[in-house]
1. How large is the Rg to Rh ratio of the range 2-398 when both quantities use alpha carbon positions and Rh follows Kirkwood?
2. Taking amide hydrogens as modeled 1.01 Å from N in the peptide plane, which residues meet the under 5 Å criterion relative to ILE470, leaving out close sequence neighbours?
3. Which of rounded, prolate or oblate describes the range 288-431 when judged by the alpha-carbon gyration tensor and an a/c cut-off of 1.5?
4. Quick one: which residues, 5+ away or cross-chain, put their amide H under 5 Å from the amide H of THR640? H built at 1.01 Å from N.
5. Go ahead and run the numbers for FRET between ASP478 and VAL325, Cβ-Cβ distance against an R0 of 30 Å, rounding to 0.05.
6. Suppose R0 equals 45 Å. What FRET efficiency, 1/(1 + (r/R0)^6) with r the Cβ-Cβ distance, do ARG219 and ALA13 give to the nearest 0.05?
7. Scan around LEU681 for amide H atoms under 5 Å from its own, H built in the peptide plane at 1.01 Å from N, and keep only partners 5 or more places away or cross-chain.
8. Dividing the Cα radius of gyration by the Kirkwood radius, what Rg/Rh value follows for the range 414-499?
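Laboratory data are not the source of any read-out in this text; all were calculated from the coordinates shown. Since this is a predicted model, take the numbers as computed values, not measurements. All Cβ positions, glycine included, derive from the backbone under ideal geometry; neighbour counts span all protein chains shown.
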Amino acid sequence: MNEPLLAFAGLAALTGICQWLAWRFLLPSILFLLTAGVLVGPIFGLFDPDAFLGELLFPFVSVAVAIILFEGGLTLKLSDIRGHGSVVTRLITVGVLITWALVSVATKFIFDMPWSLALVFGSIVVVSGPTVVKPLLRSVRPSDKVGHILNWEGILIDPVGVFLALIVFDLALLNLPGSELAEGGHGYGFIAFVLFKLIAIGSAVGALAGWTTAYALRRYLVPDYLVNVVVLAMVICAFTLSETLQHESGLLAVTIMGVWLANKKGLHVEELLHFKEDLSVLLISGLFVVLASRIDIAVIPQYGWQILALLVVCQLVVRPLNAWVCTWGADLTTSERAFIAWIAPRGIVAAAVSSLFVLRLEEAGMPMAELLVPLVFSMIIGTVVFQSLTAKPLAKRLGISNPEPNGVLFFGANDIGIALATALRTESIRVMLSDTSWRNVRRARHAGLEAYHGNPTSGHAAENLDLQGIGKLVAVSDSGDTNALAGIHFRGAFGSNAVFTLGGASDDDAYERFSTANRNRANPLFATSLGPVELARRLRDGEIRHLTLGDAEIAPAETDASADDDVGEAVDGGAPGYEHSSSPEVLSMASSSGEDGSSVADASVAADERVPDREEAPGEPPIDPPVEDILPKQTHGTVTNSDAYGGAEASTREAVRGESTVSAISEDDLRLFAIDPGNRLYIYGAGEAFTPKSGWRIVVLSSRDAEPAESEVGPDEERNGA
């Protein structure tokens, strides 16, 4: 009894260590899990899964793979396939078939294995997966177009590849020489009938389970705290029922169930995907250590050159041909197409599916079935390691590497987040907003901003939130605790100096000592004592000035007196050397009205057909205030450079007071951002030492209490005018 307990504790500790190492070194966890399994299993003989689990090995693997595939189905939304371009669509359809055919043929002739097993192996390794693609993209930082294509290929190809693998696997089982069908002398027509029956039963059970689950959840027949338990029970029951009605149809059923729920209107699967964060990580970790410990490593030296030859064929022939066919005619450069042709690491789904298939194939007596798992695992380790080592140098050589990520992720799509993101977008800085409130996300999208509905620290965000080009976090949500947690989460990915949050110091010593948000506060945003209420007020009552620094004073430019007063008024009458500009870029961000009386924000709302309008009761305030009401006025100008724009001082007041000459900003202004000529972004508030020079752009939040003309009018002139 003690030995199984020790084995269980050791397995739990080992999987935890592997997952931590993967997080620490920003590498796919599957590398550490498979290596650990091989070490404790065939090499040192410390763990024997057959003795540990006994007859429960096959049911454990089956249920674990079923849950993993169900979660994969939850990520497949048909609208995503249509909404991410023709290249992604071709890669997960035509590309899958090309890869399957070429890998199957290569495997057949390199290893001289039966066609049935070669076709099964080819269908398994067509998938990549976000768990291996995303860490690689974070390290390489390719161009946005390439990163978008590879990211969505990894997300969408998993469930598509699973469908192909299941059908090919079932066909291979039906066609085995020792199977009941073959011994009965049935022809291919009968085999086709059985295959049709298998697909029909799996699809019907999956659709029924999906409909039943969606019905119960949409009508709140299940309390919130039981949702995960009920869904898990439904997945296991659907898998078992389908397997009972028709062998080998269970995996298809749970995959269909996941896809059904993902595409059901009115059902928020994001809550179900949170269930994946803990359970799937636990199952994947334990599953891969158990399976890797069963590998017969003696097979690898025996087929060493064949395995190496297959890796070379997949890397240098199969993927390039697939990518060049699928990217033909796309708006991609030759370098971008070449990089896509190089990247296709295999991941978790391939390992999970192969581990289950081999147990069933060995039981059915498939020749050379014992070679399937070592081949798949060798393919996973080979592609992940080789492409991780070569992708970054290749991207630099091809000239498609993005510079250091300079964009900003705003956690909080409230009035503060939308206003600041709009100001940065004016400066051509990439911004992404994230919020758990759909109302806030909708308003951000109406303002023309990218917005993710959900918590950016969740597992769903890890797979679906596109952070290409994002290198900073600004946490401005309405909860200080969630801001602090977001700062902790992204500190490892972005660096401690790139994480900012609103705090606002408190006079309460107990708060300063014991508040969770305070103790884990990231860098202060703009000023140490600045809180969300004060910043929201200043944004509402002020204007954002985009200042370009020059070497000498520039006389104020003349403006057209007939211009719209809201857009054409001077920014600050007391700011020397300030040149006002009413460029189209500025006007597009302002909340002014067009010739037809409609605002820019209204046009954005009209263009977004995904959000239905809701009627408001007479006399009630609008449910969603117009976007222009929360956007401060924005203006451009040129000012003389001074020490007041340096980033070493913690506040604008300190910077202005330390300046010997008259500055274009006052003590009451709030310095927000600085952008150098290379478009690198700096955020004020952290005390980061930087010295702006001529050509830098400074974004400042100023008060607009007084009109410039009024500040220059003397008492006598005022009386004469009267």
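1. 0.95
2. GLY407
3. Prolate, since a/c reaches 1.5 and a/b exceeds b/c.
4. Here GLY550, ILE554 satisfy the definition.
5. On the way: r = 49 Å, r/R0 = 1.63.
The pair ASP478/VAL325 has a calculated efficiency of 0.05.
6. Taking R0 as 45 Å, the efficiency between ARG219 and ALA13 is 0.55.
7. none
8. We get a ratio of 0.92 for the range 414-499.
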